[in-house]
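The values are calculated or read from the model by the stated rules, or taken from the named source; none is laboratory data. None of these values were measured; they are calculated from a predicted model. For neighbour counting, all protein chains shown are included, and Cβ atoms are generated from backbone atoms with ideal geometry for every residue, glycine included. SASA here: full protein model, heavy atoms, side chains in, ligands and nucleic acids out. Shrake-Rupley method; radii C 1.70, N 1.55, O 1.52, S 1.80 Å.
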Amino acid sequence: MMPESKRPVLVMASSREDRRVLFDALDGIDSGEILSARDAIHARALLRNVSRPALAILDFEHAPTQSRMLCAELAGVPVIGLFGAGFNAQDTGKQPAGDSGIKAWLRMPVDSTEAAVRIREALQGAAPAALPAARGAVEMAAAAPRQQQDDPAATLRAIADLMQPGRDAVGLPGLVQRVMQTFGLDLMVIAEKTSASGEALRLLARVDRMSAPGAPDPLAREFVRPALDGEAVIRVGNTNASDDAFMKATGCACHAALPLFDTHRNVVGVMECASLRASEVAGPMLQSMLEIVAARFAMLLELRAEHQRGRSRALLDGLTGLPNRMLFNDRLESTLHDARRTGEVFAVLFVDLDGFKDINDSLGHAIGDRVLAASARRLREAVRASDTVARYAGDEFTLIVRHLNDRAGIRHVAAKLLQGMQGALTLEDGSELQVTASIGVSVYPDDAADAEGLIKHADMAMYSAKGRGRNNVQAFGNVPEDAHRQRLEMESRLRKAEANGELSVHYQPQIELGSEDIIGVEALVRWKHPTLGMLSPAFFVPLAEETGLIISIGEWVLRRACTDVAVWQRSCGKPLRLAVNLSALQWMQPNLVAMIESACRDARLEPSMLDLETSESVLQNPGTELATVLRTLRRIGCRVVIGDAGAGQIASGQAAHLPVDSVKVDHSFVRNIGSDPDDEAVVASILGVARGQGRRTIAAGVETEPQLEFLRGRGCEVAQGYLFCRPLAAGAFTDLLAARHVEPTGDHSHALLRATGATDNVVPLSSDRQHGAAG
């Protein structure tokens, strides 16, 4: 067997910035080839011709189902999971049950120092160390007792959401309103420092719901002065009220002023807030949470200042003098315009400095800046004046090399660049520093016909070069088993699958917990590939959604399922319900209502027996057209179901106003009943809120008797999962109904298991997670 240190490491992350950081973290670790993939299809292609990896790092934020499938396929391989800031911190700190192989979790965006620690632990088989304090207040708050806040999980998610890029799109006043709503504040002021001494403050945003007559200005100098000097001031309760004229005049229970620091730790402003009610959160934790929000506002002020310095200056990188990413993208679009008119062949190159993080960490940022400036000069000197060299991000450079005759010309240029980068750099103390680079190449028009495709393919090729040992050049067309070829083949085959009879619908019964009788079925699409065998929907439904094939496949599934359920209703004389999952793309099709009515009419199935499942994300901000569609469907009798309750980002307050009839608890929470108190609390909360709103409750992924008893004890009405029955083909489900019809009264759940043989080899339902038409 190949030694662990020489076996490859798989990195699958949708964010190229996270892939880059993970490469840096792997730099100092003696591992084999590094395989970089943006999704599961790409990952499987890269794994096809290499030995079993020593470690896999998988993105559970953007591709949860794909990552779970890869975990199962890589049984025995240690896995590090990536999750996003919007995830519930209580859900990610635990070790998943079973033999998933997940050894540790990393929050995105990935911190390279923590990544290096986790990678070493996973490769050495060590138990993960405790999260370092640098991970911040979100983890501190997650570890606190749940009773400290009414809904700590929602508060943490809200804090993480406020930290996400792009939230400034609502404007500063809008963001202030969001913060006040999240924390239950009655006053919030954001002011910018306008002089070096801090004596002058410019008010940028203020919302004041106190309106106490004669109350002093909230930006009173004696209170905010410490904040302008870099010190946070938080006063809670009456102990210090005598020292605070504002608290005394308004009767508020909490008053805080926090400094707003820029990236150089200079105070650029102040955030002041107050509340008439006492905080439910302990003092240190409250300060930590407010500091997170203050950091967000400080970033917005810094961005505003940067934009005000002018667009002309913003187009050039301050350190190297090269065009920055914005100007590079503009020049790439211009080059594309010319090439389409003249037939010119040109190339886009991605250049990444090898081991640059180690240079910064060991020699300091001053030396790192010298390396970047020298590398920029070398790249500029290696190409012609008509070519473009830009600093894309960090230690990454991009080039546009024009007027090529063929690929041989670009190979010559790339070899020249590689050779030019290898010369030693002489430092001030006379020592020499060797710096190499990994280069990826994509060529117009062979590899892509648009700017996004050219950049993405050059980026993929660059990571292939890094994975092959660095200090080399890889062209996109030469990347082994490149994912775009496999994707095209799969797309072509999927387009023919329906006509070739390769698609089928399987049915999983839904059980009423009161009577333990079958009251409905969920329709799940399956694809029997002629060479790969039966494929899970998690594998092919994302491809169907991206290509638009989900529209035709989804209609076929609905019509097939309506026909089968109508037959079963007549044969067993029972009002059997049908649940079908619709993807976001299906909800947008203009003829959705007419298509559903036609399918029900042709099958002689009452629309009132149809449950249409969708995700929280689809319903989070429904537009006018979707709202009309939902009202129309409910008017004709269809039920609308949230199919992944708990897994989305909708707060309970928002959920009350959604146009839905039923709520299905996501299986990712149900499967941890009995092993994780936090997930049990989430399930209990969802069921309680749904009952209070008069909505029908369903639980997915029930696998054990303790899970069933927990759900029954908290009023869940309907359940489905492997405890009862795995998804069955139509013929097998017909036999099940016949057996069920003659089964004597008693323990129906175990009779059902005996009828289907589902007690054998029970496995989690992860591969059947609702995914578009897959259900």
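What the table shows:
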| item | result |
| --- | --- |
| With all protein chains modelled, accessible area of residue 572 [1.4 Å, Å²] | 30 Å² |
| Pairwise Cα inverse-distance average, inverted: Kirkwood Rh of segment 491-558 (Å) | 13.2 Å |
| Subset of 466/528; 357/456; 103/664; 193/248; 193/456 violating a 32 Å alpha-carbon distance limit | 466/528; 193/456 |
| FRET efficiency estimate (nearest 0.05) - Cβ-Cβ, residue 528 to residue 492, R0 25 angstrom | 0.90 |
| R0 of 30 Å, Cβ-Cβ distance residue 248-residue 303: FRET efficiency to nearest 0.05 | 0.20 |
| Simple label model, 7 Å out from Cα along Cβ direction - residue 120 to residue 340, nm | 5.1 nm |
| Accessible-area composition of segment 24-68, carbon plus sulfur, in percent [1.4 Å probe] | 44 percent |
| Size of charge dipole - segment 549-608 - debye, nearest 20, with Cβ of Lys, Arg +1 and Asp, Glu -1, no other charges | 220 debye |
| Positive-end residue, segment 324-470 charge dipole about Cα centroid, Cβ charges, pick of 440, 399, 347 | 347 |
| Where labels lie 7 Å past Cα in the beta-carbon direction, separation of residue 450 and residue 222 in nm | 6.2 nm |
| Whole-Hz couplings from phi, Karplus 6.51/-1.76/1.60, listed for segment 225-237; x for Gly and Pro | 4, x, 5, 5, 8, x, 10, 6, 10, 10, 10, 10, x |
| Sites residue 315 and residue 75, calculated FRET efficiency, Cβ-Cβ separation with R0 35 Å, nearest 0.05 | 0.10 |
| Computed lengthening from residue 51 to residue 381, 0.36 nm per intervening residue step minus Cα-Cα distance | 114.7 nm |
| Where labels lie 7 Å past Cα in the beta-carbon direction, separation of residue 424 and residue 604 in nm | 8.9 nm |
| Peptides ranked, highest mean first, by Cβ atoms within 10 Å: ranges 633-641, 415-423 | 633-641, 415-423 |
| Segment 317-406: GluC sites (Glu not before Pro) in DSSP loop, at most 15 other beta carbons within 10 Å | 344 |
| Accessible heavy-atom area order of 326, 588, 289, highest first, probe of 1.4 Å | 588, 326, 289 |
